[in-house]
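Asker: Sharing a structure, written as structure tokens. Questions coming.
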Amino acid sequence: MVSHELKTPLTSLSAIIQVSNAKLKGSEDQFLASAMEKANLQVKRMSNMINGFLNVSRLESAKLQLDKQEFDLGALMENIVAETTLTVSTHNLTLKGCAQVMIYADQDKISSVITNLIGNAIKYSPKGTMVQIACETTANKVQVSVRDEGIGLKPQDKEKVFDRYYRVENSHTQHISGFGIGLYLSAEIIRRHEGEIWVESEPGAGSTFYFSLPYNS
Ligand code: ADP
């Protein structure tokens, strides 16, 4: 209920920002234009968080529905990477091997999984490092990987990061905000698509998060 209530003012705030943004297009005022971009980004972040909580409660009441359709995973990845590159200048994002890959899945939910993995790679790694995103296809599977050069994970944490509300607490993460639901939701979404999700990581040596989905080439 709280999540629903929060969405209403956020939706109008988002609309106001969109309209202001449109009015500012071509304006000479650089400060306002960039402030509006930032406001837009923060509204998007908040809306993602609220949707995350809504999805946790839907998941727990078994109401998380998949709305599957055929779409190009490669094009979706390109869009997400392009949009992230527009708003994030702290990391170098690269994308490899994600040419046309038609899959039958819930596009919005797969999009939220990719956004979450890329967001985490940025959140948990130092400025100026690389985030390498790649796709690999075999006859019946497509595998997506997101590799960062960040703080990495200890073996005992690797097993738990997909649990609900689990967050690693140490000196590296204490100033990084989050609720520990992104990977939990991502794992559920991938499992419901009969896919797999896992991580390879060493403390201090970065992490690579993977997911795979069934695919008919
Ligand atoms: P949040 O980031 O909001 O805490 P997530 O569910 O997305 O929630 O992630 C759970 C935890 O897993 C994080 O709190 C963090 O400790 C760890 N984690 C996730 N992604 C990474 C990563 N790329 N590198 C290191 N740790 C990570």
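No lab work stands behind these numbers, since they all come straight from the coordinates. Everything numeric here is computed off the predicted structure, so don't read it as measured data. Positions of Cβ are generated from backbone atoms using ideal geometry, with glycine treated the same way; all protein chains shown enter the neighbour counts.
Asker: List, in order, the whole-Hz ³J(HN,Hα) value for each residue of region 109-116 obtained from phi through the Karplus relation with A = 6.51, B = -1.76, C = 1.60 and θ = phi - 60°; use x for Gly and Pro.
Answerer: Calculated HN-Hα couplings, in order: 6, 5, 4, 5, 5, 5, 4, 5 Hz.
Asker: Taking the Cα centroid of region 7-61 and of region 168-188, what is the distance between the two, rounded to the nearest whole Å?
Answerer: Here the answer is 22 Å between Cα centres.
Asker: Determine the dipole magnitude for the chain: charges of +1 sit on the beta-carbon of Lys and Arg, -1 on that of Asp and Glu, nothing else is charged, the reference point is the Cα centre, and the result goes in debye to the nearest 20. Working shown, then result.
Answerer: Working: 22 positive and 24 negative charges, 75 e Å.
Charge dipole, the chain, about its Cα centre: 360 debye, nearest 20.
Asker: Right, something else. Just to check, using Stokes-Einstein with a Kirkwood Rh over alpha carbon pairs, what's the diffusion coefficient of the chain at 20 °C and 1.002 mPa s in µm²/s? Don't skip to the answer; put the middle values down first.
Answerer: Numbers: Rh = 18.6 Å.
D = 115 µm²/s.
Asker: Shifting gears a bit: Could you sort out which of Lys38/Lys109; Lys63/Lys96; Lys63/Lys154; Lys63/Lys158; Lys25/Lys68; Lys109/Lys160 sit more than 32 Å apart by Cα distance in this structure?
Answerer: Working: Lys38/Lys109 24 Å; Lys63/Lys96 35 Å; Lys63/Lys154 34 Å; Lys63/Lys158 28 Å; Lys25/Lys68 36 Å; Lys109/Lys160 22 Å.
Result: Lys63/Lys96; Lys63/Lys154; Lys25/Lys68 exceed 32 Å.
Asker: For the chain, which span is the longest to avoid every loop-located (per DSSP) member of chymotrypsin sites (Phe, Trp or Tyr not before Pro) having at most 15 other Cβ atoms inside 10 Å?
Answerer: Numbers: sites that count: Tyr165, Tyr166, Phe179.
Looking at the chain, 1-164 is the longest stretch - no exposed chymotrypsin sites (Phe, Trp or Tyr not before Pro) with at most 15 other Cβ atoms within 10 Å.
Asker: What is the magnitude of the charge dipole of region 1-111 about its Cα centre, with +1 placed on the Cβ of each Lys and Arg, -1 on the Cβ of each Asp and Glu, and no other charges, expressed in debye to the nearest 20? The partial results should precede the final answer.
Answerer: Values: 11 positive and 12 negative charges, 45 e Å.
For this selection, approximately 220 debye.
Asker: For Ala205 and Asp108, what is the calculated FRET efficiency with R₀ set at 22 Å and r taken between the beta-carbons, to the nearest 0.05?
Answerer: Details: r = 33 Å, r/R0 = 1.51.
FRET efficiency, Ala205 to Asp108: 0.10.
Asker: Using DSSP loop states and a limit of at most 12 other Cβ atoms within 10 Å to flag trypsin sites (Lys or Arg not before Pro), what is the longest stretch of the chain containing no flagged site? Don't skip to the end; give the middle numbers.
Answerer: Numbers: sites that count: Lys25, Lys63, Lys127.
The segment 128-217 is the longest one with no such site.
Asker: Moving to a separate point now. On a 0 to 90 degree scale, rounded to 10, what angle separates helix 73-87 from the longest Cα axis of the chain?
Answerer: 50 degrees
Asker: Another question about this same structure. Rounding to the nearest 10 and keeping the result within 0 to 90°, find how far the Cα-based axis of helix 182-192 lies from the longest principal axis of the chain.
Answerer: 60 degrees
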